[in-house]
Amino acid sequence: MSELLYLRDAYLREFDAEVVEVDDQRVRLDRTAFYPTGGGQPHDTGTLDGVEVVEVRKEGDAVWHTLEGAVPAVGDTVTGVVDWERRHALMRTHTALHILCGVIWNEWRTAVTGGNMTPLAARMDFEFDPLPEGFGARVEELVNAEIAEDRPIQVQFLPRDTAVMDEDLIRTKVNMIPEVVKEIRVIDIVGLDKQADGGTHVASTGEVGAIRVTKTESKGKANKRIRLEVVDG
Ligand SMILES: [Zn+2]
């Protein structure tokens, strides 16, 4: 099992760790700040002792780093450096999606059905039928207003029994998390949106910068897609 350093400190860019397993070009560490692909957020890149990390994948409790170059040996201590430009762009983008969920719920009481992101661009699907008039422009205005508020974003670890009683978390389907998970990580954009989430986010909404809605489209009855990009504020 690898200690996931990014869960408690999304701003950690450099760390030391011990190699606990090697599988061809892949390395497992006792701890890592590299985010593995999951929850709609793509993996980090960077280096391990100067060697490129090109993929990071979670398999069960193990995080595997795929290297392009010399692979260290089991027992070695290595220094990991996360590509901060890419990671910070993903933190801004991921946070923008939570703001989007919050404003759409507040304004239209509509739940999200899916989504995906790349650095500084994302899409999200919602249960609209039809899409409200002037939807894209209104969403952009509401999201950018929440960014201007510069709301603090808190990371909390709640006992499962507490989390499943929280109305905001029930709305974002906390009950879908497997029963074996006893502690639930919650991302709270104070006063706007609260979700159980394993991703990385910025510390306040102002750090997102600004968003632009680039497209809205229909993906079928009761499923409408919104695309956005994250830009400097
Ligand atoms: Zn999230």
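The values are calculated or read from the model by the stated rules, or taken from the named source; none is laboratory data. Only a predicted model underlies this, so the values are computations on that prediction, with no experimental measurement involved. As a convention, Cβ positions derive from the backbone with ideal geometry for all residues, glycine included, and neighbour counts pool all protein chains shown. The accessibility values were calculated without ligands, DNA or RNA, using every heavy atom of the protein model including side chains. Shrake-Rupley method; radii C 1.70, N 1.55, O 1.52, S 1.80 Å.
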Could you tell me the relative contact order of region 13-145? Use alpha-carbon pairs under 8 Å, at least six residues apart, and round to a whole percent. 22
Can you find, among 144, 186, 27, the residue sitting farthest towards the positive end of the charge dipole of the chain, where Lys and Arg contribute +1 and Asp and Glu -1 at Cβ? 144
Which residue, chosen from 82, 94, 156, occupies the Cα position most advanced towards the positive end of the dipole of region 64-181, where the dipole is computed from +1 (Lys, Arg) and -1 (Asp, Glu) charges on Cβ about the Cα centre? 82
Accessible area of residue 215 in the full protein assembly, 1.4 Å probe (Å², nearest 10): 100
Counting only protein heavy atoms and using a 1.4 Å probe, what share of the accessible area of the chain belongs to carbon plus sulfur, as a whole percent? 48
Looking at the chain as a GNM with Cα springs under 10 Å, which of 96, 111, 121 has the largest mean-square fluctuation? 111
For the chain, with the dipole built from +1 on Lys and Arg beta-carbon atoms and -1 on Asp and Glu ones, taken about the Cα centre, which of 128, 12, 103 lies farthest toward the positive end? 128
May I ask for the angle, rounded to the nearest 10°, between helix 135-148 and the longest principal axis of the chain, with both axes built from Cα atoms and the value confined to 0 to 90°? 60
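Taking a ≥ b ≥ c as the square roots of the eigenvalues of the Cα gyration tensor of the chain, is the shape rounded (a/c under 1.5), prolate (a/b larger than b/c) or oblate?
Numbers: a/c = 2.10, a/b = 1.70, b/c = 1.23.
It comes out prolate by the Cα gyration axes.
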Added length on full extension, which subtracts the Cα-Cα distance from 0.36 nm per residue, residue 49 to residue 127: 23.5 nm
Which value, in debye to the nearest 20, gives the size of the charge dipole of the chain about its Cα centre, when Lys and Arg are +1 and Asp and Glu are -1 at the Cβ? 880
Solvent-accessible area of residue 64, probe 1.4 Å, all protein chains present, reported in Å² to the nearest ten, please. 20
Here the relative contact order (percent) of region 92-233, from C-alpha pairs under 8 Å and at least 6 apart, is 34
Take the alpha carbon gyration tensor of region 149-233, find the square roots of its eigenvalues, order them as a ≥ b ≥ c, and report rounded if a/c is under 1.5; if not, report prolate when a/b exceeds b/c, else oblate. oblate
Based on Cβ point charges of +1 for Lys and Arg and -1 for Asp and Glu, what charge dipole magnitude is obtained for region 122-233 about its Cα centre, in debye rounded to the nearest 20? 480
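Taking the Cα centre of region 175-233 as origin and charging only Cβ (+1 Lys, Arg; -1 Asp, Glu), how large is the dipole, in debye to the nearest 20?
With only Lys, Arg, Asp and Glu charged at Cβ, the dipole is about 480 debye.
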Quick check: the angle from helix 84-108's long axis to the longest principal axis of the chain, C-alpha only, nearest 10 degrees? 30
By accessible area of protein heavy atoms, probe 1.4 Å, what ranking do 129, 166 get, highest first? 129, 166
Run the numbers on region 24-97 and let me know its relative contact order in percent, using alpha-carbon pairs under 8 Å that are six or more apart. 33
Can you give me the accessible area per residue for the chain, using a 1.4 Å probe, in Å²? 48
Taking square-rooted eigenvalues a ≥ b ≥ c of the alpha carbon gyration tensor, is region 21-61 rounded, prolate or oblate, where a/c under 1.5 means rounded and, failing that, a/b exceeding b/c means prolate? oblate
With x for Gly and Pro, the residue-by-residue ³J(HN,Hα) of region 39-49, computed from phi through the Karplus equation 6.51 cos²θ - 1.76 cosθ + 1.60 at θ = phi - 60° and given in whole Hz, is x, x, 9, x, 5, 7, 10, x, 9, 10, 6
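With each run of n ≥ 4 DSSP H residues scored as -39500 (n - 2.57), what mean residue ellipticity at 222 nm is computed for the chain after dividing by its residue count and rounding to the nearest 500 deg cm²/dmol?
So the helix-based figure for the chain works out to -6500 deg cm²/dmol.
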Each residue of region 163-176 in turn: what ³J(HN,Hα) in whole Hz from Karplus with 6.51, -1.76, 1.60 and θ = phi - 60°, glycine and Pro shown as x? 4, 6, 8, 7, 4, 5, 6, 4, 4, 9, 6, 4, 5, 6
Nearest-10 value in Å² for the accessible area of residue 165, using the 1.4 Å probe: 150
In whole Hz and in residue order, list the ³J(HN,Hα) couplings for region 111-123 that follow from phi through the Karplus curve 6.51 cos²θ - 1.76 cosθ + 1.60, θ = phi - 60°; x for Gly and Pro. 9, 7, 10, x, x, 7, 9, 10, x, 6, 8, 7, 9
Using the beta-carbon distance between residue 141 and residue 30 and R0 = 41 Å, what value does 1/(1 + (r/R0)^6) give for FRET efficiency, to the nearest 0.05? 0.30
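Counting only protein chains, not ligands or nucleic acids, how are 11, 35 ordered by accessible area (probe 1.4 Å), most first?
Largest to smallest exposure gives the sequence 11, 35.
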